[in-house]
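Just below is one structure, and these are the notes that go with it.
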Amino acid sequence: MKKIIFFFLALILASIGLFFCLIYLNLFTIGYTFLDYVYFIIRRFQCNVLILGVVILIFILYRKVR
């Protein structure tokens, strides 16, 4: 049961992070370069949640079941 809860939590976190990374792609239209975009994304908490969600997903999916 705990594995399912963590799976859905990680899935929600990864979805939120990916959503905000895609939303911030609009920065290219106002003249941001790719390096500016990456620097902007690294500083945002919402986009760092994507990394946290993916790490939790990998941990849950590849963890051995006892």
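With label points built 7 Å along Cα→Cβ from the Cα atoms of Lys2 and Phe59, find their separation and express it in nm.
1.2
Could you list the trypsin sites (Lys or Arg not before Pro) in segment 1-65 that lie in coil according to DSSP, counting only those with at most 11 other Cβ atoms within 10 Å of their Cβ?
Values: sites: Lys2, Lys3, Arg43, Arg44, Arg63, Lys64; in loops: Arg44, Arg63, Lys64.
Here the trypsin sites (Lys or Arg not before Pro) that fit, given the DSSP loop and packing criteria, are Arg63, Lys64.
As I understand it, the dipole of the chain uses +1 on the Cβ of Lys and Arg and -1 on the Cβ of Asp and Glu, about the Cα centre. Which of Phe20, Tyr39, Ala10 lies farthest toward its positive end?
Ranked along the dipole, the leading option is Ala10.
To the nearest 20 debye, what is the magnitude of the charge dipole of the chain about its Cα centre, counting +1 on the Cβ of each Lys and Arg and -1 on the Cβ of each Asp and Glu? Intermediate results must be reported in sequence, preceding the final value.
Working: 7 positive and 1 negative charges, 112 e Å.
Computed about the Cα centre, the dipole is about 540 debye.
For the chain, what does the helix formula give at 222 nm: sum of -39500 (n - 2.57) over DSSP H segments with n ≥ 4, over the residue count, nearest 500 deg cm²/dmol?
Working: 3 runs with 50 residues, N = 66.
The per-residue figure over the chain is -25500 deg cm²/dmol.
Mind checking segment 1-53 for chymotrypsin sites (Phe, Trp or Tyr not before Pro) that DSSP puts in a loop (not H, G, I, E or B) and that have at most 16 other Cβ atoms within 10 Å?
Working: sites: Phe6, Phe7, Phe8, Phe19, Phe20, Tyr24, Phe28, Tyr32, Phe34, Tyr37, Tyr39, Phe40, Phe45; in loops: Tyr32.
Passing both the DSSP loop test and the Cβ count: Tyr32.
What does the chain give for Rg and for Dmax, in Å, if only its C-alpha atoms count?
That works out to 14.8, 52 Å for Rg and Dmax.
What relative contact order, as a whole-number percentage, does the chain give when Cα pairs under 8 Å and 6 or more residues apart are counted?
51
Values quoted throughout were computed directly from the atomic coordinates according to the rules given, and no laboratory measurement underlies them. None of the values given here were measured: they were computed from a predicted structure. Note: ideal-geometry Cβ built from the backbone for every residue, glycine included; neighbour counts use all protein chains shown.
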